[in-house]
């Protein structure tokens, strides 16, 4: 599904969540609020209630989005803020959906309200994170990259011009990026048994040998060792492969203890 359609669907889902939780938070706020008096000016309680309800709901989306796109400590801070806003909204929704039934002794209805209120932590917090991941997805496959065995003409031209020059050590500066692109594509779409013996040697990390990896696994591992940490969308863009392919490669490397999950992405161990 195209990136724009995924973003549109995500925003529609969050808009539905926003309207639902907004009404419950506003109801809970009005139960304990009172008009604000600023000299001769009296502001009704619902005015501040709208600000609180809308601000909390939008804060969940904003901070959960930042928890994915910000690096390092910024992501951790944004994640904590999104969880705090989510807990406040959930508390207000629980009060709105459950307290009236508890006061009336309708325990079955209170239990149903408790279960239905779980839409707050299960959806509102995650939608922002998913939208951030979608925003980092590449718009489409880079022009000229071969998929499977169907090579595009531009890739064949790059192979014919850059690879022989690279083998002789005479790659012009302007063609360095093209040579790297062809190298990455070759690693991804070539089976290990089809490579020359010198290319089938295991990757070395320090003085210890890493278990034998295929081309795409080596490319992901080297990228993470250089960057330290990368999101899934960055790996997709770097390698020019699909989300499913990146997931399979990362799962294999994780099973071998070479990488691990962190902050919605991956890092080398």
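If you go through region 103-115 and keep only what is exposed (fewer than 14 other Cβ atoms within 10 Å of the Cβ) and in a helix (DSSP H, G or I), you end up with 103, 107, 108, 111, 115. Looking only at region 114-158, filter to residues that are touching a strand residue (DSSP E or B) at 6+ places or on another chain (Cβ under 8 Å) and at pLDDT 55 or above; which one of those is nearest to residue 68 (Cα to Cα)? Selected residue: 133. When 207, 184 are checked against the criterion of being at pLDDT below 80, surrounded by 13 or more Cβ atoms within 10 Å (Cβ to Cβ) and more than 28 Å from residue 65 (Cβ to Cβ), 184 stands alone in meeting it. One residue is enough: does region 33-44 have a residue meeting the conditions over 19 Å from residue 124 (Cα atoms), out of contact with any strand residue (DSSP E or B) (no Cβ under 8 Å at 6 or more places or on another chain), touching a residue at least 24 places away in the same chain (Cβ under 8 Å) and loosely packed, with under 15 Cβ neighbours inside 10 Å? No, every residue in region 33-44 fails to be over 19 Å from residue 124 (Cα atoms), out of contact with any strand residue (DSSP E or B) (no Cβ under 8 Å at 6 or more places or on another chain), touching a residue at least 24 places away in the same chain (Cβ under 8 Å) and loosely packed, with under 15 Cβ neighbours inside 10 Å. Taking region 222-269 as the region of interest, none of the strands (runs of 3 or more DSSP E) fully inside it holds 3 or more residues being more than 17 Å from the chain's Cα centre (by Cα) and touching a residue at least 40 places away in the same chain (Cβ under 8 Å). Which residues, taken from region 1-32, are under 13 Å from residue 92 (Cα atoms) and either assigned to a helix (DSSP H, G or I) or in contact with a helix residue (DSSP H, G or I) (Cβ under 6 Å, 6 or more places away or on another chain) (or both)? 20, 21, 22, 23, 24, 25, 26, 27, 28, 29, 30 - these are the residues of region 1-32 that are under 13 Å from residue 92 (Cα atoms) and either assigned to a helix (DSSP H, G or I) or in contact with a helix residue (DSSP H, G or I) (Cβ under 6 Å, 6 or more places away or on another chain) (or both).
Exactly one residue out of 11, 54, 87 is closer than 21 Å to residue 136 by Cα and modelled with pLDDT of 85 or more: that is 11.
The values are calculated or read from the model by the stated rules, or taken from the named source; none is laboratory data. Model, not experiment: these values are computed from the prediction. Methodologically, a virtual Cβ is constructed for each residue, glycine included, from the backbone with ideal geometry; neighbour enumeration extends over all protein chains shown.
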